[in-house]
């Protein structure tokens, strides 16, 4: 597994050499055991139901679906480098008309023994009658970011989803939602002077989501995408967007090789931080269906 990333304030921009395939597991376990906060994450991941991210469709008829994706790289030598990414995606149907979906991700990066990144993101949705062409949803997000100096970001809202394409091998959805967001930062010097000295930024937002999944060549190749645009309803200079593109190559019924490209932008950031983020990952996902 490997990760290629372009992040904020990255200490070293030199080329990273990839470990041998035969030593990946040994090096990953060695790296996790050397970092105390990663030990807890490793235990947490393996206690989850086997399964995370790869476009679970809430309109499916199964009562429970789960996926787990792990990617990373560990290098020792002149510069010690550790990059680790984990994502889980779980969908459950507590009632015939309700579907709960939760997606949780964690990104950790360290260079030369110094932590450069530790991001947590939890996305939670509750859908009513998702088998219909148009159906309502409730959503709640929680996140934090060491790199962006975000202590806590919370978001609560509601919206509606439209099934534009709904077939067994491919589907496409569009959603529109409105949310109230509160973000607490550890610093108060921003790139936009209007927000200076504000420890917490509060705003109402609207979000346009587009996501889909397409199977090609008798499921030999699977393309996925999830994108959103999220402007503030109060100020035009406060907005963000993200595009997550994926390519899956099934290896076995429950195992898939994955390539993901994540590109995000946030207009309001701490002074001297870049607004854009690019993340290219390679790895594997395991699923329960």
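Shape class of segment 167-289 from the alpha-carbon gyration tensor: prolate, with a/c at 1.5 or above and a/b greater than b/c. Spin-label model, residue 184 to residue 214: label points 7 Å out along the Cα-to-beta-carbon direction sit 4.4 nm apart. Given the C-alpha centroids of segment 184-228 and segment 98-175, what is the distance between them in whole angstrom? Centre-to-centre (Cα) distance: 9 Å.
Mean sequence separation of contacting Cα pairs (under 8 Å, at least six apart), scaled by the length of segment 187-240, corresponds to a relative contact order of 29 percent. Across segment 66-134, the relative contact order, built from alpha-carbon pairs under 8 Å that are at least six residues apart, equals 27 percent.
Residue ranges 117-127, 213-223 sort as 117-127, 213-223 when ordered by packing (mean number of other C-beta atoms within 10 Å per residue, highest first). Take 163-175, 75-87, 262-274 and order them by the average number of nearby Cβ atoms within 10 Å per residue, most first; the result is 75-87, 262-274, 163-175.
The relative contact order of segment 208-289, computed from alpha carbon pairs under 8 Å that lie at least 6 residues apart in sequence, is 22 percent.
FYI, it's all coordinate maths here, none of it is from the lab. These numbers were taken from a predicted model, which means no experiment stands behind them. Virtual Cβ from ideal backbone geometry, glycine too; neighbours counted across all protein chains shown.
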